[in-house]
1. Mean-square fluctuation check for the chain, GNM, Cα pairs under 10 Å: which of 99, 22, 34 is largest?
2. In which sequence would 78, 160 go, from the one with the fewest C-beta neighbours within 10 Å to the one with the most?
3. Take the cross-link list 30/244; 8/42; 5/42; 11/230 and give me the ones stretching past 18 Å between alpha-carbons.
4. Determine, for 169, 71, 42, the number of other Cβ atoms within 10 Å of each Cβ, and report the residues in order from fewest to most.
5. Lys/Arg Cβ at +1, Asp/Glu Cβ at -1, dipole of the chain taken about the Cα centre: which of 231, 62, 27 is farthest positive-ward?
6. How far apart, in nm, are two points set 7 Å out from the Cα along the Cα-to-Cβ line at residue 133 and at residue 52?
7. If I model the chain as equal point scatterers sitting on the Cα atoms and use the Debye formula, what is log10 I(q)/I(0) at q = 0.09, 0.13, 0.15, 0.17 Å⁻¹?
8. For segment 26-100 and segment 151-202, what is the separation of their C-alpha centers, rounded to whole Å?
Amino acid sequence: MTILKVNKLVKRFGGLTAVGGVDFAFPRGKISAVIGPNGAGKTTFFNLITGIYTPDEGVIELDGTSIVGVKPHQIVSLGIARTFQNIRLFGSMTVLENVMVGMHIHLRTGIIGTLLSLPAARHEEELVHREAYRLLEFVGLQALLNEQASNLPYGAQRRLEIARALAAKPKVLLLDEPAAGMNPRETTELIGLIRRIQKETGMTIILIEHDMKLVMELSEHILVLDYGTKIAEGGPDHIRAHPKVIEAYLGKSAVQGEAVRLEVIS
Ligand SMILES: Nc1ncnc2c1ncn2[C@@H]1O[C@H](COP(=O)(O)OP(=O)(O)OP(=O)(O)O)[C@@H](O)[C@H]1O
């Protein structure tokens, strides 16, 4: 069953069509990937889904309801959270505080209650604290909860961003290049973490990633973009051997039938 659907989605920047009429249906509770060479339109596609950009044309539906024109913070409330290609943490806050900030959309008592230290607000803060700790345990950062976020190693910052996105309790989690800058050991751990999120929460996960090992190991469904258009979709085996995909990554001369496989792309 589909949770998120785009139809004839278009986004132009002046004369450049970054996303040019893409159709895709993301299945509920599965891991999907959006791949394609540099400049293919992947991040623009995420920015359209998360309300950062408004499409020039087309449909975006979450659970059958249009989210076109909905503001980014409202889209988070509706159930889509994300991480960014360039990590966006509150560097001067602690690890714990970063996750607690991610939970604010679910708070009832608000800042006045917290400042006046009203009993309901105190109770809520305790719950928030406990839930944030649980999420940090889940991503393996509980020992670093009082560290300033900017002091964390790169791989840990990426995991913290994931914890913060999870704090919003999304139905759909978008991960923009989660393995970027990670070493092979960190990438293997990340694969385990993403798999655990999907298994234990049933969440729909959509990732953009250049690391083909991660994409092929994790994804059941893959959307391939090139110059803003969909050139292929399907499971990992179908995509690996797809001539248009190989051509997009390696150039026309590389298309020599079955011999060329996508694993060679680093
Ligand atoms: N705000 C913008 N203004 C103008 N052009 C933009 C803007 N954002 C993206 N583009 C252009 O749109 C095209 C698609 O960019 P996008 O960042 O979506 O690609 P991508 O597939 O995410 O690339 P990468 O893998 O390098 O991150 C590129 O040609 C890019 O230069």
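Readers should treat all values here as calculations from the given coordinates under stated rules, not as data from a laboratory. Just so it is clear, the structure is predicted and the values come from calculations on it, not from any experiment. In this analysis, Cβ positions are derived from the backbone assuming ideal geometry, glycine residues included, and neighbour counts consider all displayed protein chains.
1. 22
2. Placing the least packed residue first, the sequence is 78, 160.
3. The pairs that break the limit, which is 18 Å between Cα atoms, are 30/244.
4. With the sparsest Cβ surroundings first, the list reads 71, 169, 42.
5. 62
6. 3.4 nm
7. -0.43, -0.87, -1.12, -1.35
8. Between the Cα centre of segment 26-100 and that of segment 151-202, the gap is 15 Å.
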